[in-house]
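Engineer: Mind having a look at this structure? Questions to follow.
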Amino acid sequence: MRYLTAGESHGQVLTAIIEGIPANLPLTAEFINHELARRQMGYGRGGRMSIEKDQVEILSGVRNGLTLGSPITLQIRNRDWVNWQKVMDPAPGADMATKKITRPRPGHADLPGSIKYHQGDMRNILERSSARETAARVAAGAVAKALLREAGIKVFGHVTAIGKIKVKESFPETEYEHLISQVEKSPVRCWDEKISHQMMLGIDEAKAAGDSLGGIFEIIITGVPVGLGSHVHWDRKLDGRLAFALMSIQGIKGVEIGIGFLASSLPGSKVHDEITYVAGEGLKHLSNRGGGIEGGMSNGEPIVLRAAMKPIPTLMKPLSTVDIIDKKPVLAQVERSDVCAVPAACIVGEAVVAWETALALLEKFGGDTLEELVERVEVYREKVKRV
């Protein structure tokens with residue numbers, strides 16, 4: 001199973017081509033659009049979200065609401081294209097002067113990308129490095145979510161910190177369903193209403209100062225069967241693959257699993273999860289400090305991941321930089337941007353994690369049709385209970 005995305009931030013469309021999804025999976029544009037809408041929400045988003053109302057078009061691989069087993073093509077039109085057609089025209093004669101960028105933003109792909117690809121106009125870099133690309137990844141991730149749902153696996157995320165404002169309490173496993181509904185109601189995807197309000201005030205303060213804020217989000221995967229991933233090769237370890245997926249999101253600077261970095265400061269007796277046997281359920285862990293993964297494999301407990309996002313590098317009060325044409329000191333380029341995109345990044349995190357989990361699921365159980373896959377998963381789950 002694999003996918004590719006294509007498209008520029010202000011181009012005509014974003015496209016994703018997906019290969020390897022089993023046949024007979026229920027899939028509709030409405031389901032994908034719901035995920036796209038969740039990505040566009042969030043307190044602190046910029047003006048573009050009032051322009052773009054992402055809607056997917058399924059161009060291939062689905063008929064009568066069911067996948068065919070053939071490649072799936074998804075397309076999202078950029079509504080802002082009408083305002084950028086002369087600048088972003090693929091044909092010779094495009095307007096190369098009006099929106100030219102020669103002042104790289106500190107913390108962005110502008111400078112290294114322009115040097116790597118020998119581009120005198122950094123727009124040729126930022127158009128693809130922009131987080132607008134993640135709309136296509138969320139669409140692909142929605143397909144993965146649809147597949148996981150049929151196998152009894154759920155993926156959801158919530159924000160635990162924006163700037164210095166953090167949720168103090170952990171996300172209780174016994175209240176997942178209730179807290180998920182609280183998260184979906186929050187403008188910053190935080191289940192604690194009081195902390196949500198404080199986060200929003202923090203975003204307002206950053207906006208007034210012409211600044212931006214980062215934060216931390218947590219992704220939880222429930223219903224994962226034991227044994228996804230493998231210990232036998234470095235590139236098959238589930239924790240490594242999930243961490244890579246999260247680190248590939250624009251702006252992510254750190255990833256941890258379970259208690260993460262805290263584990264380095266504690267004795268082993270306070271880190272490793274003791275094992276017990278529950279009649280009718282099989283072997284279980286008494287805690288989940290390991291975040292549901294041991295030795296590169298899922299261990300049957302919920303998988304818990306966290307990702308730290310840096311502040312958006314486009315600032316309304318820009319930092320100093322150098323114009324690449326005359327090498328003189330100037331202020332960095334200002335593009336339309338968000339003040340805080342952590343809630344949106346959380347949705348992207350759900351998508352990329354769902355994809356890697358679905359990939360690991362298919363690697364273990366296979367199947368050309370949904371029916372084959374689901375049957376194999378169910379048989380395996382029953383077998384594990386008897387271990």
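Every number in this text was worked out from the coordinates using simple rules, so none of it is lab data. Everything numeric here is computed off the predicted structure, so don't read it as measured data. Positions of Cβ are generated from backbone atoms using ideal geometry, with glycine treated the same way; all protein chains shown enter the neighbour counts.
Engineer: Please give the helix 134-150 orientation as an angle from the longest Cα principal axis of the chain, in degrees from 0 to 90, rounded to the nearest 10.
Structural biologist: 10 degrees
Engineer: My understanding is that a pair violates if its Cα-Cα distance is over 29 Å; which of Lys53/Lys86; Lys53/Lys310; Lys166/Lys207; Lys116/Lys364; Lys100/Lys164 do that in this structure?
Structural biologist: Over 29 Å apart, Cα to Cα: Lys116/Lys364; Lys100/Lys164.
Engineer: Which order, highest average first, do 53-60, 380-387, 235-242 follow once you tally other Cβ atoms within 10 Å for each residue and take the mean per peptide?
Structural biologist: Top of the packing list down: 235-242, 53-60, 380-387.
Engineer: Extension gain Ala208-Ser181, at 0.36 nm per residue separation less the Cα-Cα distance, in nm?
Structural biologist: Numbers: separation 27, 0.36 × 27 = 9.72 nm, distance 3.07 nm.
Result for the pair: 6.7 nm of gain on full extension.
Engineer: Another question, then. For a label point 7 Å from the Cα of Leu68 along Cα→C-beta, name the residues of the stretch 1-37 whose backbone N is under 15 Å from it.
Structural biologist: 18-25, 27
Engineer: Any idea what the relative contact order of the chain is, in percent, if you count C-alpha pairs under 8 Å spaced at least 6 apart?
Structural biologist: Taking the mean separation of contacting Cα pairs over the length of the chain, I get 23 percent.
Engineer: What whole-number volume per residue, in cubic angstrom, does the convex hull of the C-alpha atoms of the chain give?
Structural biologist: Taking the convex hull of the Cα positions in the chain, it is 158 Å³ per residue.
Engineer: Can you pull the semi-axes for the stretch 247-387, root of five times each eigenvalue of the Cα gyration tensor, sorted largest first, whole Å? Write down the numbers at each step before the final one.
Structural biologist: Numbers: eigenvalues 377, 96, 24 Å².
Gyration-tensor ellipsoid for the stretch 247-387: 43, 22, 11 Å.
Engineer: For the chain, what does -39500 (n - 2.57) per DSSP helix run (n ≥ 4), summed and divided by total residues, give at 222 nm, in deg cm²/dmol to the nearest 500?
Structural biologist: For the chain, the value works out to -10500 deg cm²/dmol.
Engineer: Picking from Thr134, Thr276, Thr67, which is most flexible by a Gaussian network model of the chain using Cα springs under 10 Å?
Structural biologist: Thr276
Engineer: Something else about it: To the nearest 20 debye, what charge dipole does the chain have about its Cα centre, counting +1 at the Cβ of each Lys and Arg and -1 at the Cβ of each Asp and Glu? Mind dumping the intermediate values first?
Structural biologist: Working: 48 positive and 47 negative charges, 200 e Å.
Roughly 960 debye for the chain.
Engineer: If I stretch the segment between Lys327 and Glu371 completely, what's the gain in nm (0.36 nm per residue apart, minus their alpha carbon distance), one decimal?
Structural biologist: That pair, Lys327 and Glu371, stretches by 9.7 nm at full extension.
Engineer: Which of Asp368, Asp89 comes first, and how do the rest follow, when ranked by fewest Cβ neighbours within 10 Å?
Structural biologist: Asp368, Asp89
Engineer: Quick one: of Lys145/Lys385; Lys168/Lys253; Lys168/Lys194, which pairs are farther than 19 Å apart, Cα to Cα?
Structural biologist: Among Lys145/Lys385; Lys168/Lys253; Lys168/Lys194, the Cα-Cα distance tops 19 Å for Lys145/Lys385; Lys168/Lys253.
Engineer: If you average the C-alpha positions of the stretch 329-380 and of the stretch 231-278 separately, how far apart do those two centres end up, in angstrom?
Structural biologist: First find each Cα centre; the distance between them is then 17 Å.
Engineer: Stretch Val82-Lys53 to full length: gain in nm at 0.36 nm per residue minus the Cα-Cα span?
Structural biologist: 9.0 nm
Engineer: Okay, next question. Tell me the label-point distance for the pair Asp89, Val13, using the 7 Å Cα-to-Cβ offset, in nm and rounded to one decimal.
Structural biologist: About 2.1 nm separates the two model spin labels.
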